[in-house]
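Student: Here's a structure for you.
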Amino acid sequence: MRRLGASVATLVDRFVAGELTDPWNLRSWSAKHRALPVSADMGGCFAITLTGTLVSFAWDSDSDIRVETDSRTVRIMIVQAARRYPEFAKFVPVRPDDALVCRSCGGTGRIHIDGQPVPEGIMCSCGGLGWIREGEEAP
Ligand SMILES: [Zn+2]
C-alpha cells in the first residue's frame, strides 16, 4: 500500500507538529515510531505506518508493536482512519459483490438496542461499513 504510506508520511508530520488533534496523547510515540494513530480503546491503540501497515500496541507496553494482518481488522481501521483523517477516504474499500450483510447491524453500520442507536463511539463488528466478507462472522 505505497500510496497509503505516502499519505501517512504527511499526516505523521502534521500530527507530530501538533496540527492534528491528539486525543490519546501519542505525539511522542508517533514521532518515535513514525506511525499515525487511527483508533484506540481501553486496551490499546491501532496505528498505520509509513509503509501502510496496520500495527497495534497495548497501553502498558507501547514499544511492543504488533503487525495486524487480519483483513477485517485492517479494513475496519481504514474506515476509522477515514473518519479521523479525510485523506484516508479514498482508501476505504468498496463493497465487493459477494459481501455479506452484517448481521450485527443489519447493514446499517450502526448497532441499535431496543430501536435506539448506541453511542457514536461504540463500533459495530463490521466497522460501520454494514458488510463483511464470508468467514468474518462475529462470534
Ligand atoms: Zn455491522
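Student: Filter segment 92-105 for residues that are in contact with a strand residue (DSSP E or B) (Cβ under 8 Å, 6 or more places away or on another chain) and within 11 Å of the ligand (Cβ to nearest atom) and give the result.
Tutor: L100, V101, C102, C105
Student: G18 versus (1) within 16 Å of the ligand (Cβ to nearest atom); (2) farther than 22 Å from E136 by Cα: which is the lone unmet condition?
Tutor: (1)
Student: Check G109, G121 and return the single one that is within 16 Å of the ligand (Cβ to nearest atom), within 29 Å of T10 (Cα to Cα) and not assigned by TED's automatic domain parsing to the domain that holds S7.
Tutor: On the way: G109 fails: within 29 Å of T10 (Cα to Cα).
So the residue among G109, G121 that is within 16 Å of the ligand (Cβ to nearest atom), within 29 Å of T10 (Cα to Cα) and not assigned by TED's automatic domain parsing to the domain that holds S7 is G121.
Student: Next question. With respect to D62, is the statement that it is under 30 Å from E137 (Cα atoms) and assigned by TED's automatic domain parsing to the domain that holds E134 true?
Tutor: Values: under 30 Å from E137 (Cα atoms): yes; assigned by TED's automatic domain parsing to the domain that holds E134: no.
Answer is no for this residue.
Student: Mind telling me which of the residues R27, R84, R103, R66 ends up being within 30 Å of E134 (Cβ to Cβ), surrounded by 15 or more Cβ atoms within 10 Å (Cβ to Cβ) and not aliphatic (A, V, I, L, M)?
Tutor: On the way: R27 fails: within 30 Å of E134 (Cβ to Cβ); R103 fails: surrounded by 15 or more Cβ atoms within 10 Å (Cβ to Cβ); R66 fails: surrounded by 15 or more Cβ atoms within 10 Å (Cβ to Cβ).
Being within 30 Å of E134 (Cβ to Cβ), surrounded by 15 or more Cβ atoms within 10 Å (Cβ to Cβ) and not aliphatic (A, V, I, L, M) holds for just one of R27, R84, R103, R66, which is R84.
Student: Only residues that are among the polar types (S, T, N, Q) and more than 16 Å from W59 (Cβ to Cβ): list them for segment 11-49, please. Give the steps one after another, and end with the answer.
Tutor: In the first step, residues of segment 11-49 are kept if they are among the polar types (S, T, N, Q); the result is 21, 25, 28, 30, 39, 49.
The answer is T21, T49.
Student: If only one of L36, L20 is surrounded by 15 or more Cβ atoms within 10 Å (Cβ to Cβ), over 12 Å from G52 (Cα atoms) and either out of contact with any Cys (no Cβ under 8 Å at 6 or more places or on another chain) or not assigned by TED's automatic domain parsing to the domain that holds L54 (or both), which one is it?
Tutor: Numbers: L36 fails: over 12 Å from G52 (Cα atoms).
That would be L20, the only listed residue that is surrounded by 15 or more Cβ atoms within 10 Å (Cβ to Cβ), over 12 Å from G52 (Cα atoms) and either out of contact with any Cys (no Cβ under 8 Å at 6 or more places or on another chain) or not assigned by TED's automatic domain parsing to the domain that holds L54 (or both).
Student: Tally time: how many residues in segment 108-133 are modelled with pLDDT of 90 or more, at negative phi and charged (D, E, K, R)?
Tutor: 2
Student: Have a look at R110, R75 and point out the one that is surrounded by 12 or more Cβ atoms within 10 Å (Cβ to Cβ) and under 11 Å from the mean Cα position of the chain (by Cα).
Tutor: On the way: R110 fails: under 11 Å from the mean Cα position of the chain (by Cα).
None of the others qualify; the one that does is R75.
Student: May I ask you to list pairs of residues, at least six apart or on different chains, whose Cβ atoms are under 6 Å apart, with the first in segment 75-100 being acidic (D, E) and the second being part of a helix (DSSP H, G or I)?
Tutor: Matching pairs, first to second residue: E87/S7.
Student: Looking only at segment 9-16, decide whether some residue is assigned to a strand (DSSP E or B), polar (S, T, N, Q) and more than 17 Å from G127 (Cα to Cα).
Tutor: Filtering segment 9-16 down to residues assigned to a strand (DSSP E or B) leaves none.
Looking for residues that are assigned to a strand (DSSP E or B), polar (S, T, N, Q) and more than 17 Å from G127 (Cα to Cα), one finds none in segment 9-16, hence no.
Student: Something else about it: Considering only residues of segment 15-53 that are over 20 Å from L4 (Cβ atoms) and of a type in the set (K, R), which is nearest to the chain's Cα centre (by Cα)?
Tutor: R27
The values are calculated or read from the model by the stated rules, or taken from the named source; none is laboratory data. The structure displayed is predicted, hence computed values, not measured ones. All Cβ positions, even for glycine, are placed from backbone atoms using ideal geometry, and neighbour counts span all protein chains on display.
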